[in-house]
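Heads up, the thing below is written out as structure tokens.
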DNA sequence: CCGGTCATGTACCAGTTGGTGAGTTAGTTC
DNA sequence: GAACTAACTCACCAACTGGTACATGACCGG
């Protein structure tokens with residue numbers, strides 16, 4: 001969105017857009033600097049929250065300086081929004097790869113739940129960012145045109161599965177796709193988001209590898225049992 | 001715990017321990033000042049997170065001064081831990097009042113889920129504090145002897161219900177009480193903790209009053225359907 | 001090889017933040 | 001009513017925090 005090297009109506013230079021010779025690192029590389037800042041900022045914000053993260057510290061962990069953060073992003077808040085946007089974008093790309101149309105409704109819903117389970121487990125930073133954004137009452141998401149207009153592939157897929165299940169008469173019909181998505185998300189998000197307090201209070205690590213398959217099957221059974229009971 | 005007026009080996013004065021004449025407010029009242037600070041701090045920490053909350057602002061919203069916060073609690077972190085301890089204590093008191101022994105296992109589990117649903121819905125600040133504490137990887141809970149040794153009535157009750165259900169052969173036996181508690185908590189916590197991002201992205205408020213009964217029944221159905229499927 | 005612009009490093013700042021030293025008053029005890 | 005202590009007030013601070021003015025060097029087109 002902001003300050004990319006080949007932005008204004010500049011004459012398109014065909015191939016080899018930025019790197020002069022393949023493999024030769026440019027000292028000055030806007031895209032790389034931007035990406036570097038974004039990567040470090042993602043880690044820091046996810047780790048310490050918005051208020052807890054420090055611009056100075058982010059800059060120090062970057063291979064560039066604080067000045068560049070302001071040059072590319074404008075300020076702490078805009079940097080945070082950029083981090084959120086990029087994090088959501090990546091998850092959506094993953095979700096778009098879900099393909100369960102070849103399965104019957106019951107197996108499809110179990111597969112969808114399982115894949116969602118996997119996605120959440122392998123993106124703890126994303127879950128943390130979402131938690132943090134909820135503490136701020138999603139004010140940044142609400143203000144970001146990118147984020148509030150982002151399609152949600154997982155829910156679309158879910159809707160298609162449900163329709164097939166209803167047609168076949170195997171699923172209860174007093175819920176909609178968003179309800180089911182909520183249940184699946186709740187289970188997956190809770191496991192990661194509340195891992196630490198749950199562990200401290202009950203002495204069980206919900207993400208313990210030894211319990212992983214049990215939990216994954218539990219989610220599948222939960223959703224299938226619920227949908228097929230009517 | 002700390003600094004109460006009638007603390008050291010002072011000769012016990014029988015009745016009328018603190019207030020000279022009933023109804024006459026004392027100007028200096030340690031207990032009231034402490035409680036005032038704690039109440040304001042709870043709101044501020046729940047609202048803005050640990051790093052986002054400001055000692056100065058907490059003090060301003062109190063009827064006392066910043067110096068008193070340090071007098072009674074020692075520092076920002078200790079104040080935050082005191083807030084956490086008090087919040088957990090109150091929830092546990094509520095949980096202890098759950099009484100479902102007179103119900104058959106299936107109705108008991110539905111009732112327990114419903115009551116948990118109600119508790120979570122009516123204590124959003126507690127949920128926020130838990131989310132915040134998870135961002136900090138539960139480091140404060142881990143260090144608090146009060147919190148890491150707190151019993152959990154809800155899980156005990158749940159365990160008793162499950163045992164009765166197993167004996168009667170109506171419940172599946174490949175889960176334990178903590179698994180089921182996790183499922184119920186996940187649903188209830190998610191609804192409140194992720195309300196804002198969920199609302200911003202899907203355009204549905206999970207806490208909308210019009211959807212409340214539907215959601216409450218959904219949780220009951222979910223847990224019962226799962227447990228009775230085997 | 002030269003001029004301009006994009007990218008970057010240095011030094012700095014004003015406001016804020018958690019925290020404290022030291023003195024003062026209310027209420028109790030004897 | 002003197003003496004004592006818990007409860008409280010006031011003024012102050014060093015460190016930090018997000019943010020910026022300005023100088024400088026790299027890269028590209030011509």
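Listing for the model above:
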read-out	value
Stretch gain in nm, segment residue B:77-residue B:47, where the contour uses 0.36 nm per residue and the Cα spacing is subtracted	9.2 nm
Directionally averaged shadow of region B:67-140, computed from the convex hull of its alpha-carbon atoms, nm²	6.3
Value of [θ]222 nm, deg cm²/dmol, for chain B, DSSP H segments ≥ 4, -39500 (n - 2.57) each, nearest 500	-21000 deg cm²/dmol
Shape category assigned to region B:82-228 from the gyration tensor of Cα positions, a/c cut at 1.5	oblate
Cα centroid of region A:171-214 to Cα centroid of region B:148-216, whole Å	10
Cα gyration tensor shape for region B:46-96, rounded if a/c is under 1.5, else prolate or oblate	prolate
Inter-part distance where region B:58-111 and region A:58-85 are each reduced to a Cα centre, Å	37
Cα Rg, Dmax (largest Cα-Cα span) when computed across region A:140-193, Å	14.1, 42
Candidates A:103, A:158, A:147: whichever shows maximal mean-square fluctuation once chain A is modelled as a Gaussian network with Cα springs under 10 Å	A:103
Dimensionless Rg over Rh [the protein assembly as shown; C-alpha; Kirkwood]	1.03
Approximate spin-label separation residue A:66-residue B:65, in nm, with each point projected 7 Å along Cα-to-Cβ	3.3
Theoretical FRET efficiency, 1/(1+(r/R0)^6), r = Cβ-Cβ of residue B:92 and residue A:229, R0 35 Å, to 0.05	0.60
Förster-model FRET efficiency, 30 Å R0, residue A:54 and residue B:150, C-beta, rounded to 0.05	0.35
Estimated FRET transfer efficiency (residue A:142, residue B:167; beta-carbon r; R0 56 Å; 0.05)	0.65
Global geometry of region A:159-230, whether rounded, prolate or oblate, following the gyration tensor of its Cα atoms and the 1.5 cut on a/c	prolate
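Throughout, read-outs are computed from the coordinates displayed, never taken from laboratory work. What you see is a predicted model, and the numbers here were worked out from it, not measured in a lab. When we count neighbours, we look across all protein chains shown, and the Cβ atoms used for this are built from the backbone with ideal geometry, even at glycine.
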